[in-house]
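The values are calculated or read from the model by the stated rules, or taken from the named source; none is laboratory data. Keep in mind the model is a prediction, meaning the values are calculated, not measured. Counting neighbours? That spans all protein chains shown, and the Cβs are built from the backbone with ideal geometry, glycine included.
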Amino acid sequence: MPRILVIDDESSILHAFRRAFGDPDDELLTAPNAEEGLALVSDKKPDVVVLDLNLPDANGLDVYRKIRAIDARIPVIFITGHGTTETAIEATKQGAFDYLLKPLELEQVRDLVEQAAEISRLGRVPAVVPDESVPAGTPVDVLVGRSPAMQEVYKAIGRVASQDLAVLVLGESGTGKELVARAIYQHSRRAAGPFLAVNCAAIPETLLESELFGHEKGSFTGADRRRIGKFEQCSGGTLFLDEIGDMTPLTQAKLLRVLQDGRFERVGGSDTIQAEVRIIAATNRDLALMASVGEFREDLYYRLGVVTITLPPLRERAGDLHLLVDHFIKRFSPEMGREVAQVAPEVLELLRRYPWPGNLREFQSVLRQALLRAQGPVLLADFLPPAVRGEALPEAGPRSAGFDWEEFLDERLRAGSQDLYAESLSLMERSLVTRVLRHTRGNQLQAAKILGITRGSLRTKVRTLGITIERSVSPPDDRSDG
């Protein structure tokens with residue numbers, strides 16, 4: 001439940017936020033002036049603060065600096081009129097998350113606040129379970145495991161966390177690279193500063209440079225105002241660049257300069273800006289091979305690769321399976337309305353045999369599916385998906401023989417799902433990608449063009465969804481690790 005604090009003296013603004021965040025899952029706090037707002041920041045520790053630049057008892061920038069002094073990890077979103085836009089930009093340069101222009105649009109408000117709440121969560125939720133037991137209330141997205149391979153990962157995190165060096169995290173899709181980045185941040189000297197994450201594969205090539213470094217007004221079509229990039233927003237903190245292998249050569253060059261001397265320019269600007277940011281990068285691609293064939297800058301690879309942490313795939317962590325099953329069953333059972341307290345030995349044996357091409361993401365999906373089918377307090381092998389039991393299905397997705405969308409939706413609604421949109425979207429995406437790859441006979445470049453995404457994004461989806469590409473394309477229900 002995100003806790004949102006709005007500091008504003010206008011009743012119309014407060015009314016807009018009550019409309020936007022009237023859901024019981026949201027906790028909305030309000031304050032009409034700086035004094036009451038700062039008291040709530042100290043007492044309630046909000047996840048996000050929305051702050052008016054013009055308060056009756058203080059200047060918004062001064063209030064922002066006091067919030068930063070209390071807790072620099074709290075994302076602050078400014079509300080501003082057109083006359084004070086430059087002040088809002090100045091606040092963003094000092095680390096504010098973003099700003100909203102009056103009059104407010106509810107969808108824009110919700111989107112921006114939800115993004116800020118997720119950033120806040122990433123910085124605060126511990127990324128590593130501290131001991132062998134998994135305490136109640138531990139979130140799903142933490143590093144769990146005590147196998148020799150994971151112990152090496154923990155040691156590497158401990159060695160590099162306090163060094164303030166750039167770090168490269170390698171590993172297959174779904175192994176938990178962002179969790180390693182968060183663990184490094186949380187154990188570093190920058191833990192009191194901001195933590196921002198950027199997925200380089202999810203942002204169009206034409207916009208990634210602006211997202212990272214910002215742009216000046218008029219620098220390209222659609223640049224109707226100055227934008228402050230993530231490097232300026234994250235000053236004094238840690239910036240996590242996921243899927244860095246998909247970064248364009250131009251952006252690679254600017255990133256290299258930041259690593260070398262800590263300087264960059266906004267797109268369309270001439271002023272040199274000093275960046276005081278630690279960079280953690282991650283990829284599931286072979287950067288060494290890409291550098292050797294000219295697909296990635298060698299000098300950037302060597303700069304990033306001074307400290308490298310490699311995450312093992314799940315198939316190499318057999319000793320962790322029992323702990324992982326226990327962790328996810330405890331986390332998923334309540335939200336799915338199940339009371340599973342025991343796992344049959346046959347289930348663990350089948351899980352050990354399965355190659356897990358989608359790693360932990362696929363592992364979580366399998367356990368959710370098993371819990372959906374579960375009846376009673378014991379999780380039986382019959383509840384596992386056919387792929388894990390070694391029974392391949394002829395087709396995957398909503399058009400599978402015997403698949404009924406209505407039955408699926410009814411089942412999930414009865415189970416009390418709180419993630420139905422994501423579950424349905426994942427099912428549809430698996431069917432779509434598999435179908436297009438069948439049409440192109442496994443040609444990923446052609447499939448990416450049909451889907452309207454980059455080839456790097458398609459590779460990520462193929463690995464995440466566990467799709468096997470051989471002479472024909474197989475859905476993740478086939479027992480092949482590709």
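Summary table below
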| item | result |
| --- | --- |
| Boolean, residue 282 is assigned to a strand (DSSP E or B) and either within 26 Å of the chain's Cα centre (by Cα) or touching a residue at least 40 places away in the same chain (Cβ under 8 Å) (or both) | yes |
| Where residue 422 falls short, out of the listed (1) assigned to a helix (DSSP H, G or I); (2) surrounded by fewer than 16 Cβ atoms within 10 Å (Cβ to Cβ); (3) modelled with pLDDT of 70 or more; (4) not acidic (Asp, Glu) | (3) |
| Verdict on residue 74 being among the aliphatic types (A, V, I, L, M), buried (at least 20 other Cβ atoms within 10 Å of the Cβ), closer than 24 Å to residue 106 by Cβ and modelled with pLDDT under 95 | yes |
| So residue 339, is it among the acidic types (Asp, Glu), at pLDDT below 90 and surrounded by fewer than 20 Cβ atoms within 10 Å (Cβ to Cβ) | yes |
| Conditions (1) farther than 24 Å from residue 171 by Cβ; (2) modelled with pLDDT of 90 or more; number of the one not met by residue 206 | (2) |
| Pick from segment 285-306, criterion part of a helix (DSSP H, G or I) and touching a residue at least 24 places away in the same chain (Cβ under 8 Å), ranking: farthest from residue 194 (Cα to Cα) | 290 |
| Residue tally, condition of a type in the set (Gly, Ala, Ser) and over 24 Å from residue 141 (Cβ atoms), over segment 344-383 | 3 |
| Of the criteria (1) over 30 Å from residue 361 (Cβ atoms); (2) out of contact with any Lys or Arg (no Cβ under 9 Å at 6 or more places or on another chain), which one residue 164 fails | (2) |
| Positions within segment 144-156 being assigned to a helix (DSSP H, G or I) and touching a residue at least 12 places away in the same chain (Cβ under 8 Å), in sequence order | 148, 149, 150, 153, 154, 156 |
| Odd one out for residue 270, checked against (1) more than 25 Å from the chain's Cα centre (by Cα); (2) in a loop (DSSP other than H, G, I, E, B); (3) over 24 Å from residue 96 (Cα atoms) | (3) |
| Selection from segment 224-242 of residues that are hydrophobic (A, V, I, L, M, F, W, C) and surrounded by fewer than 22 Cβ atoms within 10 Å (Cβ to Cβ) | none |
| Qualifying position, being surrounded by fewer than 18 Cβ atoms within 10 Å (Cβ to Cβ), more than 21 Å from residue 278 (Cα to Cα) and either at pLDDT 95 or above or β-branched (Val, Ile, Thr) (or both), among 248, 221 | 221 |
| Considering residues of segment 1-52 that are acidic (Asp, Glu) and closer than 21 Å to residue 115 by Cα only, the residue modelled with the lowest pLDDT | 25 |
| Close pairs (9 angstrom Cβ cut-off, 6 or more residues apart or separate chains): assigned to a strand (DSSP E or B) in segment 353-381, of a type in the set (S, T, N, Q) and at pLDDT 85 or above anywhere | 378/342; 379/342 |
| Subset of segment 174-189 [under 17 Å from the mean Cα position of the chain (by Cα) and free of Cβ contacts under 8 Å to residues at least 60 places away in the same chain] | 179, 183 |
| Failed criterion for residue 92 (all others in (1) surrounded by fewer than 21 Cβ atoms within 10 Å (Cβ to Cβ); (2) at pLDDT below 90 hold) | (1) |
| Qualifying residue in segment 307-317 (condition: within 30 Å of residue 95 (Cβ to Cβ), at pLDDT 95 or above, in contact with a helix residue (DSSP H, G or I) (Cβ under 9 Å, 6 or more places away or on another chain) and not in a loop (DSSP other than H, G, I, E, B)) | yes |
| Residue in segment 106-118 that is buried (at least 18 other Cβ atoms within 10 Å of the Cβ) and modelled with pLDDT under 85 present | no |
| Failed criterion for residue 43 (all others in (1) over 29 Å from the mean Cα position of the chain (by Cα); (2) more than 24 Å from residue 231 (Cα to Cα) hold) | (1) |
| Residue match in segment 151-173 (condition: under 14 Å from the mean Cα position of the chain (by Cα) and farther than 18 Å from residue 319 by Cα) | yes |
